[in-house]
Amino acid sequence: MKIIVFGAGLVGAPIAYDLASAGEFEVSVADKDVKALNKFAHSKEIQVIQSDLSNPEIVKKLAKGFDFVISAVPGHMGFQTLKATIEAGKNVIDIAFFPENLFDLDELAKENGVTAISDIGVAPGFSNVLIGHVDHFLDKTLKAVIYVGGLPKIRKWPWEYKAVFSPIDVIEEYTRPARYIENGKMITKPALSDPEFLDFPGIGTLEAFNSDGLRSLTHTIDCPNMIEKTLRYPGHIDKIKLLREVGFFNSNPVDVNGIEIKPIDFTAKLLFPKWKLEEGEEDITVMQVLIEGEKGKKKLRYTYDLYDSYDPITKVHSMARTTGYTASMALRMVAKGLYKRKGVSAPEFIGKQPECVKFLLAGLKDRGVVYKERIEQFLTD
């Protein structure tokens, strides 16, 4: 089976290496950036293709030459890339996390006989899989909470943060209003709102804030209380809020000595180099997914904990491991015929099939990404 990975970045590259590692697939990687492609210069298993993936016609033409596609492009290119791949009639695993509604492409995928799984990273992604899995088991799901963050292992002033995926997508997370479900109603608040402090073993105290990470879950899971919160080291919220409220993230041009400049462009030039996760720099991924509900006369609470760190042997960053290996295992799952649904699937659909969840968990564990499950039981009133 011939696989092409769109995007040779922080996550796309480890996906390609993982798929090529056991000789299961013929793997190619496409990217416009020659520097990004050069990291495969010494690999005999992976072919590189320099190509402008921002052009949907090029994407469609490329996709037609392969059996399966993984899309790991930046979010602003994600929807059009997925659409072009579906139009090419190719099964696709997508981790682009675009702002558009993934189900807008569902009918197109069905018409083309395509299995497309979108948002299949760590969160959104495996967090959804776990919620869908428990929801399928319970008679009634009452609460679902996701805490997740990618962080540098060593805190360095002033930001104590490094972007573990596209920095412009991080800014989007800080500016897009956060939507969550409370008592059966959709609530919208500014991102970075409702801070709380949580303690994690081996890490210490982290701060959590509202972020718009539920995505498809608000449409697919019948649960009266659902929320996702992003984790950072304490103090990060105030720094980002200051930049946001002053206007450093605005896209409307301002006049500076007769020159029109977008504040976000200026901010990006100064900020993104400081947020760059350098090769060999250790990062960690922390996630806790909590689901409560009823089964018969019992109330159950499922807690899933993930702590993952940079692998010094493979030199793969944690966020690339937890996101990329979820995607590469999802591809194997479809390739083996375990998941056959046509159309565009959200990750929680996978959770409805226990054999698929078992397959993904086993594959992730083999790669050192381990989810620890804890189940508590309570009697209902």
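The values are calculated or read from the model by the stated rules, or taken from the named source; none is laboratory data. These numbers come from a predicted model, not from an experiment. Ideal geometry is used to build each Cβ from the backbone, glycine not excepted, and the neighbour counts take in all protein chains shown. With ligands, DNA and RNA removed, areas are computed over all heavy atoms of the protein, side chains included. Shrake-Rupley method; radii C 1.70, N 1.55, O 1.52, S 1.80 Å.
Residue-by-condition table, conditions (1) among the hydrophobic types (A, V, I, L, M, F, W, C); (2) more than 24 Å from Val286 (Cα to Cα); (3) more than 27 Å from the chain's Cα centre (by Cα):
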position: His236; (1), (2), (3): no, no, no
position: Asp255; (1), (2), (3): no, yes, yes
position: Ile259; (1), (2), (3): yes, yes, yes
position: Leu270; (1), (2), (3): yes, yes, no
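Can you find even one residue in segment 316-331 that is surrounded by fewer than 20 Cβ atoms within 10 Å (Cβ to Cβ) and of a type in the set (D, E, K, R)? For segment 316-331, residues surrounded by fewer than 20 Cβ atoms within 10 Å (Cβ to Cβ) and of a type in the set (D, E, K, R): absent. Out of curiosity, is Asp18 surrounded by 19 or more Cβ atoms within 10 Å (Cβ to Cβ) and of a type in the set (D, E, K, R)? For Asp18, the condition - surrounded by 19 or more Cβ atoms within 10 Å (Cβ to Cβ) and of a type in the set (D, E, K, R) - is met. Only one entry in Ser43, Ser28, Ser21, Ser71 is under 23 Å from Met333 (Cα atoms) and modelled with pLDDT under 95, namely Ser21. When every residue of segment 145-165 is checked against the conditions, none turns out to be in contact with a Cys (Cβ under 6 Å, 6 or more places away or on another chain) and at pLDDT 95 or above. Count, please, the residues in segment 192-203 that happen to be among the aliphatic types (A, V, I, L, M) and at pLDDT below 95. Selection size over segment 192-203: 1. Of all residues in segment 207-229, those satisfying the criterion of being hydroxyl-bearing (Ser, Thr, Tyr) and in contact with a helix residue (DSSP H, G or I) (Cβ under 7 Å, 6 or more places away or on another chain) are Ser211, Ser216, Thr220.
Pairing residues of segment 85-111 that are at positive phi with residues that are at pLDDT 95 or above and surrounded by fewer than 20 Cβ atoms within 10 Å (Cβ to Cβ), at Cβ distances under 6 Å and at least 6 apart in sequence or on separate chains, gives Gly89/Asn112. Looking at (1) touching a strand residue (DSSP E or B) at 6+ places or on another chain (Cβ under 8 Å); (2) more than 23 Å from Pro167 (Cβ to Cβ), which one does Gly113 not meet, given that it meets all the others? So the condition that Gly113 fails would be (1). The lone criterion from (1) farther than 25 Å from Gly132 by Cα; (2) part of a loop (DSSP other than H, G, I, E, B); (3) not polar (S, T, N, Q) left unmet by Leu206 is number (2). When segment 23-43 is limited to residues that are acidic (Asp, Glu) and part of a loop (DSSP other than H, G, I, E, B), the one that is nearest to Ala8 (Cα to Cα) turns out to be Asp33. Within segment 338-349, can one find any residue that is farther than 30 Å from Gly89 by Cα, in contact with a helix residue (DSSP H, G or I) (Cβ under 8 Å, 6 or more places away or on another chain) and either open to solvent by 60 Å² or more (accessible area, probe 1.4 Å) or at pLDDT 95 or above (or both)? No. Residue count for segment 9-50 satisfying the condition of being without any contact (Cβ under 8 Å) to a residue 24 or more places away in the chain and charged (D, E, K, R): 3.
Restricting segment 177-196 to residues that are under 23 Å from the mean Cα position of the chain (by Cα) and open to solvent by 90 Å² or more (accessible area, probe 1.4 Å) leaves a set whose member that is farthest from Met287 (Cα to Cα) is Met186.
The residue of segment 131-176 that is surrounded by the most Cβ atoms within 10 Å (Cβ to Cβ), among those that are aromatic (Phe, Trp, Tyr) and assigned to a helix (DSSP H, G or I), is Tyr174.
Checking Leu290, Leu306, Leu270, Leu243 one by one, the residue that is surrounded by 15 or more Cβ atoms within 10 Å (Cβ to Cβ), of a type outside the set (Ser, Thr, Tyr) and without any contact (Cβ under 8 Å) to a residue 60 or more places away in the chain is Leu243 and no other. At least 2 residues being farther than 25 Å from Glu26 by Cα is the threshold, and among the helices (runs of 4 or more DSSP H) wholly inside segment 272-371 those reaching it are 347-351, 354-366.
The helices (runs of 4 or more DSSP H) falling completely within segment 44-111 that include 3 or more residues that are buried (at least 23 other Cβ atoms within 10 Å of the Cβ) map to 75-87. When Glu228 is tested against (1) open to solvent by less than 20 Å² (accessible area, probe 1.4 Å); (2) closer than 28 Å to Leu198 by Cβ; (3) outside any strand (DSSP E or B), only condition (3) is not met.
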